[in-house]
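First comes the structure, then the notes that go with it.
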Amino acid sequence: MTQMKISMTVNGTAQSVEVEPRELLIHVLRERLNLTGPHIGCETSHCGACTVDLNGKSVKACTVFAVQAAGADITTVEGLAGPDGLHVLQESFREHHGLQCGYCTPGMITRAHRLLQENPRPSEEDVRFGMAGNLCRCTGYQNIVKAILAASDRMAAMKEAAE
């Protein structure tokens, strides 16, 4: 099959990779770039385990062809942590028990990150609506919502302290 060379920025690092036109972004991220945070769940866009941030929007990487991501800026859950440690959301999910088996967690955290950029001070209802495209079979969502709201509070306090 014909290969195409594409370039993209993933977690702040420029990447070039040869892909087949029919190859999905999730497979390129996991198999070519060894970023195993985004998980392959349903491969039909229902579960959200593969959620990544693509050019400032949450997308399900199982429904995006890699060639569609040429030139894109992509952030996976691995790209959220900084040199000083975990991102506030990652810490919050741990502190508030927002995960059990952990399979959905990378997609949940990546989607929550975008949600908080779009709405830094969401209500509980905003969080539930904003996270509706990401499914969890273990937690019942209560602690996921608590974790996101707690991260929102902490991020707001950090912003105030910096000003």
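The values are calculated or read from the model by the stated rules, or taken from the named source; none is laboratory data. Predicted model, so just to flag it, every value in this text is computed and none were measured. Cβ placement follows ideal geometry from the backbone for every residue including glycine, while neighbour counts extend to all protein chains displayed.
Anything in the range 1-32 that is part of a loop (DSSP other than H, G, I, E, B) and under 16 Å from residue 51 (Cα atoms)? List them, or say none. Within the range 1-32, 11 is the sole residue that qualifies.
So, in the range 44-61, how many residues would count as being out of contact with any Pro (no Cβ under 8 Å at 6 or more places or on another chain) and under 13 Å from residue 135 (Cα atoms)?
Here is the first cut: in the range 44-61, the residues out of contact with any Pro (no Cβ under 8 Å at 6 or more places or on another chain) are 44-48, 53-60.
Okay, now just the ones that are also under 13 Å from residue 135 (Cα atoms), so 44-48, 60.
Total meeting the criteria: 6.
Kindly indicate whether residue 152 is surrounded by 20 or more Cβ atoms within 10 Å (Cβ to Cβ), among the polar types (S, T, N, Q) and assigned by TED's automatic domain parsing to the domain that holds residue 25. For residue 152, the condition - surrounded by 20 or more Cβ atoms within 10 Å (Cβ to Cβ), among the polar types (S, T, N, Q) and assigned by TED's automatic domain parsing to the domain that holds residue 25 - is not met.
Here is a yes/no grid of residues against (1) modelled with pLDDT of 95 or more; (2) more than 20 Å from residue 149 (Cα to Cα); (3) out of contact with any Leu (no Cβ under 7 Å at 6 or more places or on another chain):
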| site | (1), (2), (3) |
| --- | --- |
| 30 | yes, yes, yes |
| 33 | yes, yes, yes |
| 50 | yes, yes, yes |
| 55 | yes, yes, yes |
| 58 | yes, no, yes |
| 62 | yes, yes, no |
| 70 | yes, yes, yes |
| 78 | yes, yes, no |
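Checking each residue in the range 1-20 for being polar (S, T, N, Q) and in contact (Cβ under 8 Å) with a residue 40 or more places away in the chain picks out 7, 9, 11. Within the set 74, 109, the sole residue that is assigned by TED's automatic domain parsing to the domain that holds residue 154 and within 30 Å of residue 23 (Cα to Cα) turns out to be 109. Could you tell me whether the range 94-105 includes any residue that is assigned by TED's automatic domain parsing to the domain that holds residue 139, among the polar types (S, T, N, Q) and under 28 Å from residue 147 (Cβ atoms)? Yes.
Residues in the range 97-110 that are more than 17 Å from residue 42 (Cα to Cα), assigned to a helix (DSSP H, G or I) and of a type outside the set (A, V, I, L, M, F, W, C): 110 only.
Could you please let me know if residue 57 is surrounded by fewer than 14 Cβ atoms within 10 Å (Cβ to Cβ) and over 12 Å from the mean Cα position of the chain (by Cα)?
Numbers: surrounded by fewer than 14 Cβ atoms within 10 Å (Cβ to Cβ): yes; over 12 Å from the mean Cα position of the chain (by Cα): no.
Here the answer is no, as residue 57 does not meet what is asked.
Within the range 59-88, take every residue that is assigned to a strand (DSSP E or B) and in contact (Cβ under 8 Å) with a residue 60 or more places away in the chain and give me the one that is farthest from residue 107 (Cα to Cα).
My answer is 73.
Residues in the range 9-19 include none that are surrounded by 16 or more Cβ atoms within 10 Å (Cβ to Cβ), over 26 Å from residue 118 (Cβ atoms) and of a type in the set (Asp, Glu). Among the residues of the range 21-40, which ones are farther than 18 Å from residue 112 by Cα and either in contact (Cβ under 8 Å) with a residue 40 or more places away in the chain or buried (at least 20 other Cβ atoms within 10 Å of the Cβ) (or both)? Selection gives 21, 22, 23, 24, 25, 26, 28, 29, 35. Name the residue that is surrounded by the fewest Cβ atoms within 10 Å (Cβ to Cβ), counting only residues in the range 66-81 that are more than 15 Å from the chain's Cα centre (by Cα) and of a type outside the set (A, V, I, L, M, F, W, C). Filtering first and then ranking leaves 71.
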